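The values are calculated or read from the model by the stated rules, or taken from the named source; none is laboratory data. This one's a predicted model, so the numbers in the text were calculated from it and none came from an experiment. All Cβ positions, glycine included, derive from the backbone under ideal geometry; neighbour counts span all protein chains shown.
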Ligand code: KG4
Ligand code: ZN
């Protein structure tokens, strides 16, 4: 009998619900929260309130898109963490009450594992990575290099010591007047700019760890200096600023990913997280001539979504890894 699972994601500023039938996604509804735009970042209290408003319509929409009734579900998977506590609580309380009222198992999911495991969602027979693989989680909240031995045995081997890679995009974008999240706009403008117009330094961080906060300071100084010379600096140079910034971010990322390959000898690399939608990062790694097997998620599974939560729900369901109702949500949740 095929398994039908409802996945619920509410860790940050997207309220999302998805239905999976075994490893095939039937629906994936995402409500974005426009309310944060004018603040230049996510406001936690506003996020929780928006989740409360969105959760019932989003779940109903996911069920109706999949043409499924609540009582046909076999289990409910939800994001336990990491994320904003108030936001996590909205999704977890909803998932717990629904599993209780339907009398079906509850499955807790680590959001960061889900960003990587969405790779296993069925996609027209497309080839999947073997284990072990190096998972590269690049999102707004995290920058992690993870050695994945199997679906659930994941070993963190590198991470950012300060800002995440997504924050590098978002904070630099804010300096030149872009709305949050700035990543997609920088990606788009980079295509029209010169990568070597501005030079930003590459931080010297030991091992497989990253640092992105220096880049933001570097970028700010460059913009301030430019504005001193010409008030129209941002307007004139925005494409070149974006292209040079993105090229620097790619360089920082690639150095560490290639070091991880050298260190572990693992040649399969699976990317995940919002920043893995970046076209410059995709092109760079897909064009590498290093005899590596590179996998990127489908675009719709890069930024936060419940399809990835439902996928992990399915993998855990098969191993009967169910969760107790009293499990607490975790703002910090190790992989
Ligand atoms: O995974 P995600 O949706 O949320 C977290 O779990 O953090 O990632 C959001 C991040 C934001 O920083 C956003 O700017 C970035 O992903 N992002 C991109 C692109 N699309 C989204 N960054 C660069 N290029 C993109 N195309
Ligand atoms: Zn995420």
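Cβ-Cβ under 8 Å, sequence separation 6+ or interchain: first residue in the stretch 129-143 and modelled with pLDDT under 95, partner in a strand (DSSP E or B) and more than 12 Å from ligand 2 (Cβ to nearest atom). Which pairs?
Qualifying pairs under 8 Å: 142/159; 142/160.
Which condition from (1) modelled with pLDDT under 95; (2) in contact with a helix residue (DSSP H, G or I) (Cβ under 7 Å, 6 or more places away or on another chain) is the one that residue 216 breaks?
Checking residue 216 against (1) modelled with pLDDT under 95; (2) in contact with a helix residue (DSSP H, G or I) (Cβ under 7 Å, 6 or more places away or on another chain), the one that fails is (1).
Could you tell me which residue of the stretch 168-189 is modelled with the lowest pLDDT, considering only residues that are near ligand 1 (Cβ under 9 Å from one of its atoms) and crowded, with 22+ Cβ neighbours inside 10 Å?
Among those residues, the one meeting the criterion is 181.
When you scan the stretch 45-63, do you find a residue that is more than 16 Å from ligand 2 (Cβ to nearest atom) and part of a strand (DSSP E or B), even just one?
No, there is no match, as no residue in the stretch 45-63 is more than 16 Å from ligand 2 (Cβ to nearest atom) and part of a strand (DSSP E or B).
Filter the stretch 282-302 for residues that are within 16 Å of ligand 2 (Cβ to nearest atom), over 20 Å from residue 149 (Cα atoms) and surrounded by fewer than 24 Cβ atoms within 10 Å (Cβ to Cβ) and give the result.
Listed by number, the residues that qualify are 298, 299, 300, 302.
Quick grid of which residues meet (1) in contact with a helix residue (DSSP H, G or I) (Cβ under 9 Å, 6 or more places away or on another chain); (2) not in a loop (DSSP other than H, G, I, E, B):
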position	(1), (2)
266	yes, no
271	yes, yes
276	yes, yes
280	yes, yes
289	no, no
304	yes, no
315	yes, yes
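Output the residues belonging to the stretch 12-44 that are away from ligand 1 (no atom under 16 Å from the Cβ), assigned to a loop (DSSP other than H, G, I, E, B) and either crowded, with 17+ Cβ neighbours inside 10 Å or under 22 Å from the mean Cα position of the chain (by Cα) (or both).
23
Based on this model, can you work out whether residue 111 counts as closer than 21 Å to residue 293 by Cβ and either modelled with pLDDT of 95 or more or within 16 Å of ligand 2 (Cβ to nearest atom) (or both)?
No.
Does residue 163 satisfy the condition of being within 19 Å of the chain's Cα centre (by Cα), at pLDDT 95 or above and in a loop (DSSP other than H, G, I, E, B)? So that I can check it myself, show each step before the final result.
On the way: within 19 Å of the chain's Cα centre (by Cα): yes; at pLDDT 95 or above: yes; in a loop (DSSP other than H, G, I, E, B): yes.
Here the answer is yes, as residue 163 does meet what is asked.
Okay, residues lined up against (1) over 26 Å from residue 262 (Cβ atoms); (2) away from ligand 2 (no atom under 16 Å from the Cβ); (3) touching a residue at least 60 places away in the same chain (Cβ under 8 Å):
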| residue | (1), (2), (3) |
| --- | --- |
| 160 | no, no, no |
| 182 | yes, yes, no |
| 194 | yes, yes, no |
| 205 | no, yes, no |
| 228 | yes, yes, no |
| 237 | yes, yes, no |
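Determine, yes or no, whether residue 125 is at pLDDT below 95 and either surrounded by fewer than 19 Cβ atoms within 10 Å (Cβ to Cβ) or not in a loop (DSSP other than H, G, I, E, B) (or both).
yes
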